[in-house]
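Worksheet: the structure to be examined is printed underneath.
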Amino acid sequence: MPRLRKPRAIAPGATIGIAAPGGPVEPEKLAAGAGLWRSRGFQVVHREDLTARRGFLAGDDRRRADELRSLVRDPEVAAIVCARGGYGCTRILDALDPQDFREARKPLVGFSDVTTLLLWQRRRAGLVGFHGPMLEWGADLDPNAFEDLIEQLQGAGPSPRVLSGRGVGGGRASGRLAGGNLVLVTASLGTPWEIDTRGAILMIEEVGEQPYRIDRMLQQLRAAGKLATLAGIGVGQLRGCDDARYPAPSALEVVEEIARPLGLPLVVELPFGHAERNHTWPVGARATIDADRGEVRILERGVVRAT
């Protein structure tokens, strides 16, 4: 894995490139999300066919890969924000050049299915990415979460940054932030972009997965040795992850049951994932997790500011 490198901070009024590497984008959500960035003084660019649709994809694989490559290589584009997740990022990775991403050093923002891109970029390009809100949330996004994203891309605001949740036990530890959507983290096993959890704080979130499925994915990560080397676990939103037929254990109780024997710091109910309070965290940045205080403290900025 290449040595970790940070992208360049963006300037006020910079050009934000919009990509749709996964599922199809609704035109009205694109307009609302782009308008949000423009209201803060940023320029927004995207291909005219960004709202293309091919079944459950935002156009065919070639269109989506070409779009992302073009944004990476365009010197006018300072950062790339994904329009939405859905599904499809895995299908285009073979068409991307990690060296292009590493040399361009542009912040890449997204979550959900974009977890795959963030894991690939971290493993293959050695570049920090940003697990953060995408265009499809538009006006539904918590204004504080949007401000948080802008500050992090500009290398501004408080440092360290603190994500507050509820500590479950296990004390305090330090490590680099890794993870994202649990389904995609698990799906990375056995691939060239397989998640590296050695000494890491594993950050996970999920939507619409029943507790037994959460258990199955965590058991797979455990069997693959990915939990044994962790420094701690941070859990964001587990939205809609319930089961009326089997109301107990809950998804959160499943996580706690698996984490408890590991003796690791565990902080749950953190403000990131599929919810309005989707705060940004830089994939690969150093952090501490403190179960006594119920917080994850991000110790370094995810970008490098020009001197």
Checked pairs for the range 121-147, first at positive phi and touching a residue at least 12 places away in the same chain (Cβ under 8 Å), second in a loop (DSSP other than H, G, I, E, B) and surrounded by 21 or more Cβ atoms within 10 Å (Cβ to Cβ), C-beta under 9 Å and 6 or more apart or across chains, list as Gly126/Gly284
Checking the condition within 22 Å of Thr115 (Cβ to Cβ), modelled with pLDDT under 95 and either of a type in the set (Lys, Arg) or touching a Leu at 6+ places or on another chain (Cβ under 7 Å) (or both), which residue from Lys29, Lys6 passes?
Lys29
Which of the residues belonging to the range 14-52 are exposed (fewer than 14 other Cβ atoms within 10 Å of the Cβ) and of a type in the set (Lys, Arg)?
Arg38, Arg40
Matching entry among Glu276, Glu300 (being in a loop (DSSP other than H, G, I, E, B), modelled with pLDDT of 95 or more and not polar (S, T, N, Q)):
Glu300
Selection within the range 1-35 - closer than 19 Å to Pro107 by Cβ and assigned to a helix (DSSP H, G or I):
Gly33, Ala34
Condition check: of a type outside the set (Gly, Ala, Ser), in contact with a Leu (Cβ under 8 Å, 6 or more places away or on another chain) and closer than 21 Å to Gly273 by Cβ. Does Val77 satisfy that?
no
Hey, among Pro158, Pro192, which residue is exposed (fewer than 14 other Cβ atoms within 10 Å of the Cβ), at pLDDT below 95 and more than 17 Å from the chain's Cα centre (by Cα)?
Pro158
Could you tell me which residue of the range 189-203 is farthest from Ser250 (Cα to Cα), considering only residues that are in contact (Cβ under 8 Å) with a residue 40 or more places away in the chain and touching a strand residue (DSSP E or B) at 6+ places or on another chain (Cβ under 9 Å)?
Asp196
Would you call Ser39 farther than 19 Å from Gln121 by Cβ and either hydroxyl-bearing (Ser, Thr, Tyr) or touching an Asp or Glu at 6+ places or on another chain (Cβ under 6 Å) (or both)?
yes
Test Leu71 against the stated conditions and say whether it is farther than 28 Å from Arg8 by Cα, in the same structural domain as Ala139 (by TED's automatic domain parsing) and surrounded by 17 or more Cβ atoms within 10 Å (Cβ to Cβ).
no
Condition set touching an Asp or Glu at 6+ places or on another chain (Cβ under 8 Å) and of a type in the set (D, E, K, R), scope the range 83-121, selection surrounded by the most Cβ atoms within 10 Å (Cβ to Cβ): answer is Arg84
Selection from the range 275-297 of residues that are under 28 Å from Gly126 (Cβ atoms) and touching a helix residue (DSSP H, G or I) at 6+ places or on another chain (Cβ under 9 Å)
Asn278, His279, Thr280, Trp281, Pro282, Val283, Gly284
Taking the conditions exactly as written (in the same structural domain as Val81 (by TED's automatic domain parsing), surrounded by 14 or more Cβ atoms within 10 Å (Cβ to Cβ) and closer than 24 Å to Gly110 by Cβ), does Asp142 satisfy them or not?
yes
Based on what the data block shows, is Asp61 among the acidic types (Asp, Glu), closer than 30 Å to Thr197 by Cβ and assigned by TED's automatic domain parsing to the domain that holds Thr115?
yes
Matching option when the condition is within 17 Å of the chain's Cα centre (by Cα) and closer than 21 Å to Gly263 by Cβ, among Gly234, Gly199
Gly234
Got a sec? Which of Pro7, Pro2 is more than 22 Å from Val207 (Cβ to Cβ) and touching a Gly at 6+ places or on another chain (Cβ under 6 Å)?
Pro2
I'm told Gly180 meets every condition in (1) crowded, with 21+ Cβ neighbours inside 10 Å; (2) closer than 24 Å to Val114 by Cβ; (3) in contact with a Gly (Cβ under 8 Å, 6 or more places away or on another chain) except one. Can you identify the failing condition by its number?
(3)
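The values are calculated or read from the model by the stated rules, or taken from the named source; none is laboratory data. Note that the structure is predicted; figures quoted are calculated from it, not measured. Every residue, glycine as well, gets a Cβ built from its backbone with ideal geometry; the counts of neighbours run over all protein chains shown.
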